[in-house]
Amino acid sequence: MESIQRIINTLLRNPTLIKSKSEAKQIHAQILKSFPIYIYTPTLLSIYSKLNLLPESLILFNTTLPSPPLLAWKSIIKCYSSNASFLQSLNSFLKMRALGIHHDRNVFPSVLKSCTHLMFFKFGESVHACVIRVGLESDVFIGNALLSMYSKFALQVFDESPKRRTVDQNETILVSSDTAGQNHKKCEKIDEIMCGKHKMQSVRKVFETMPERDVVSYNTLILGYAQSNMYNEALMMIKEMGKANLKPDAFTLSNVLPVVAEYMDVWKGKEIHGYGVRHGFHTNEYIVSGLTDVYANCNMVEDSYRLFSLLPKKDCVSWCSIIAACVQNGLFDEGLRLFREMLSANIKPVPISFSSIIPACGHLTALPLGQQLHGYIIRSHFEDNMYIASSLVHMYARCGNIKLAMRIFDTMKQHDLVSWTAMIMGCALHGHAYDAISLFEQMEMEEGFRPNSVAFVAVLTACSHAGMVNEGLKFFNKMVKEYKITPDIEHYACIADLLGRAGKLEEAFGFICSMPENKTASSVWLPLLAACRVHKNVELAEKVAMHICEFDTGANLLLSNTYSSVGRYKDAADSRRRSSSRKKPAGPAWIKALGGMHIYVKENIKGPVVYSLINNMEEFWESSKMGYQDRGIIPLLYVILLINPIHSFRNLSSSNMVSEH
DNA sequence: GTAGGGTTAG
């Protein structure tokens, strides 16, 4: 008996020796068997709490009622906060204080963490004040928790939507004063970015006043800088770490990687990659998914894939990262293949998995596949997710089902700039220019969103499709003058297209010539060349083609068509020859045709090649899994390929061909 | 006490 007691006492004095739930339960059982439980309850509770076992901790905590000792309170507050029950954690903290129990240093990090996650600004500040009052501000754990809290608060301001900030109702209940509204009004006047950066400076001050700093302190500040997009400051902190004789760890690297990706700094990415390999971090899922993003953003998706494939243990985020990397780089079928592979690997898709893969269906106009995924989304109860809903709006609009796109948009609980833009673009693509413009105005005037560059592409597209010259120019001017957005190639292309379609060819030419030279890509000149063909203006077409030929081979084809339209067949043949000599293979296409069959077509230098011909998606998945390709060409399809030159064949894959008939 | 991935672009 005595020896058991000795063992138990040793274990209870060193609770870190107990590493698993079953060990904790074993010692609990031994105590129940041999000793009066109440003596050991708080210690046992602290063991369960360290293992983050909330239900077990709660049962024990309730046995300590009505007067739990400090150790019990500390444990339950920590356990609530580690299990994301932040409100309960703060509630317990308040109850503990109300009972006059004197807190110690260990309770504050959990409480501050809860304030951080709940975005309880006032409450967090008052806890900070309490920390100072009891003289614990030099504690490094508490200091780190404060750094984390203020960084997140700075981010909240930084991230704030231009219109309104949602303050958790609960904070008003707990803190009963609402200055958030006033703060918000102030922030509206200041540039959001400056506001976030300004807040980060005060986080830096907290950091500087800390008498002792460890790796976590640096990591936390680096994360704050990274999330506020303060790239240089984040990198500087890594250098400062070195000066303080602290070595960057896996957290440091993965904290800084998102902003490296954002700035597309491939060299810094490689440097970090190298450091990671040298220090054995190259199999860390966090770092690998960060690096995946860096390479994907720098158009080096092959490198992303290599990293991913070398990862011994691939978690849900690793899969999401590589799928998103493919889709964002236009490798839609590869993204779909990986999505399917992920399912085969028994990784359950989470909301982000769907919002990453749905755009691929949109771009491929693969409606049946998109519908299957939509079904999966509904079965998983993810349909309320804003990212997913926006991608569905885009997918259905691109696949020709504007009504369903609209219905999804209308049933969304809340909209953001992206969902509005997806809907506006959907209407624009379907020629519903008035709807698009009225949605844009509703978004801007009634909902108070500040349109960005993409939103203007959408509304300008609507105007150009409907030939609404004045409205288009009005929006363009508004973008430049009112919103101070520097026009991009897409905006110029819309205006050039708009003027061209309206027959104002010379005006369009003048407009493009007045653009900054680095923006005059072929995408701006091509619509004008197409307009020259429609309006049979050969002289201008020749002038325009001169500007394009270095950029693009499609230009010669358009020029050739212009010559044909006025009967100059020899010139037409010449330019067509020039175009065919420069032809590049295009990307693959999905086509639904011929009685509901799906055809997967890829072009090579000789022309289109049919890779698979299938009756349903399941069959396609099967065939792609087995890796056999080149399944032969059925005669009818062959005829289609023969009578359609490659460029028209590509047009077949657009929405009208794929939508449900 | 600290970390990750996502939606819109004629």
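The values are calculated or read from the model by the stated rules, or taken from the named source; none is laboratory data. Quantities reported herein were computed from a predicted structural model and do not represent experimental measurements. Please note: Cβ atoms are built from the backbone with ideal geometry, for glycine as well, and neighbour counts cover all protein chains shown.
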Requested in this report: Tally the residues that are more than 23 Å from the chain's Cα centre (by Cα) and charged (D, E, K, R), restricting the search to segment A:448-462.
Outcome: 0
Query raised in the report: What number of residues within segment A:448-487 are more than 16 Å from residue A:508 (Cβ to Cβ), without any contact (Cβ under 8 Å) to a residue 60 or more places away in the chain and aromatic (Phe, Trp, Tyr)?
Result: 3
Report summary line: The correct count of residues that are within 15 Å of DNA strand B (Cβ to nearest atom), surrounded by fewer than 19 Cβ atoms within 10 Å (Cβ to Cβ) and closer than 20 Å to residue A:433 by Cα in segment A:491-523 is 1
Report task. Just need a number here: residues in segment A:56-76 that are touching a His at 6+ places or on another chain (Cβ under 9 Å) and of a type in the set (A, V, I, L, M, F, W, C). Result -> 3
Report summary line: Among helices (runs of 4 or more DSSP H) entirely within segment A:1-104, at least 1 residues that are among the aromatic types (Phe, Trp, Tyr) occur in A:37-50, A:54-63, A:70-82, A:86-98
Report summary line: Restricting segment A:275-300 to residues that are part of a helix (DSSP H, G or I) and surrounded by fewer than 21 Cβ atoms within 10 Å (Cβ to Cβ), the one farthest from the chain's Cα centre (by Cα) turns out to be A:278
Query raised in the report: Among the listed residues A:339, A:332, A:382, which satisfies the condition of being near DNA strand B (Cβ under 9 Å from one of its atoms), among the aromatic types (Phe, Trp, Tyr) and either surrounded by fewer than 24 Cβ atoms within 10 Å (Cβ to Cβ) or closer than 29 Å to residue A:284 by Cα (or both)?
Result: A:382
Query raised in the report: For the subset of segment A:385-417 comprising residues that are among the hydrophobic types (A, V, I, L, M, F, W, C) and within 21 Å of residue A:465 (Cα to Cα), which member is farthest from the chain's Cα centre (by Cα)?
Result: A:402
Report task. Would you confirm whether any residue within segment A:458-468 is surrounded by 15 or more Cβ atoms within 10 Å (Cβ to Cβ), within 14 Å of DNA strand B (Cβ to nearest atom), among the hydroxyl-bearing types (Ser, Thr, Tyr) and over 22 Å from residue A:364 (Cβ atoms)? Result -> yes
Query raised in the report: Which one is surrounded by the fewest Cβ atoms within 10 Å (Cβ to Cβ) among residues in segment A:305-317 that are within 11 Å of DNA strand B (Cβ to nearest atom) and more than 14 Å from the chain's Cα centre (by Cα)?
Result: A:313
Report summary line: Every listed condition ((1) buried (at least 24 other Cβ atoms within 10 Å of the Cβ); (2) at pLDDT below 95; (3) within 14 Å of DNA strand B (Cβ to nearest atom)) holds for residue A:440 save (2)
Query - Filter result (surrounded by fewer than 19 Cβ atoms within 10 Å (Cβ to Cβ) and of a type in the set (Val, Ile, Thr)) within segment A:248-266 - result: A:266
Report summary line: For segment A:515-531, pairs from a residue that is at pLDDT below 80 to a residue that is part of a loop (DSSP other than H, G, I, E, B), with Cβ under 6 Å and 6 or more apart or across chains, are A:522/A:551; A:522/A:552
Report task. Hand me the list of helices (runs of 4 or more DSSP H) wholly inside segment A:361-436 holding 3 or more residues that are of a type in the set (D, E, K, R). Result -> A:402-411
Report task. Tell me, yes or no, whether segment A:400-419 has at least one residue that is away from DNA strand B (no atom under 12 Å from the Cβ), surrounded by fewer than 20 Cβ atoms within 10 Å (Cβ to Cβ), within 27 Å of residue A:481 (Cβ to Cβ) and of a type outside the set (Phe, Trp, Tyr). Result -> no
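The rows are residues; the columns are (1) within 14 Å of residue A:328 (Cβ to Cβ); (2) at pLDDT 95 or above; (3) within 13 Å of DNA strand B (Cβ to nearest atom).
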| position | (1), (2), (3) |
| --- | --- |
| A:247 | no, no, yes |
| A:252 | no, yes, yes |
| A:259 | no, no, yes |
| A:262 | yes, no, yes |
| A:267 | no, no, no |
| A:282 | no, no, yes |
| A:295 | yes, yes, yes |
Query raised in the report: Among (1) of a type in the set (Gly, Ala, Ser); (2) more than 30 Å from residue A:67 (Cα to Cα); (3) at pLDDT below 70, where does residue A:176 come up short?
Result: (2)
Report task. Please work out if residue A:228 is near DNA strand B (Cβ under 8 Å from one of its atoms), crowded, with 19+ Cβ neighbours inside 10 Å and in contact (Cβ under 8 Å) with a residue 24 or more places away in the chain. Result -> no
Query raised in the report: Which one of A:84, A:29, A:98 is under 41 Å from the mean Cα position of the chain (by Cα) and aliphatic (A, V, I, L, M)?
Result: A:84
Report summary line: Over segment A:109-131, the set of residues more than 15 Å from DNA strand B (Cβ to nearest atom) and among the basic types (Lys, Arg) is A:122
Report task. Can you confirm whether segment A:353-366 contains a residue that is closer than 21 Å to residue A:425 by Cα, without any contact (Cβ under 8 Å) to a residue 12 or more places away in the chain and more than 7 Å from DNA strand B (Cβ to nearest atom)? Result -> no
Report summary line: Flagged pairs (Cβ under 9 angstrom, 6 or more apart or on separate chains; first in segment A:78-89, on the phi < 0 side of the Ramachandran plot and without any contact (Cβ under 8 Å) to a residue 24 or more places away in the chain; second part of a helix (DSSP H, G or I) and surrounded by 24 or more Cβ atoms within 10 Å (Cβ to Cβ)) are A:88/A:76; A:88/A:77; A:88/A:80; A:88/A:81; A:88/A:114
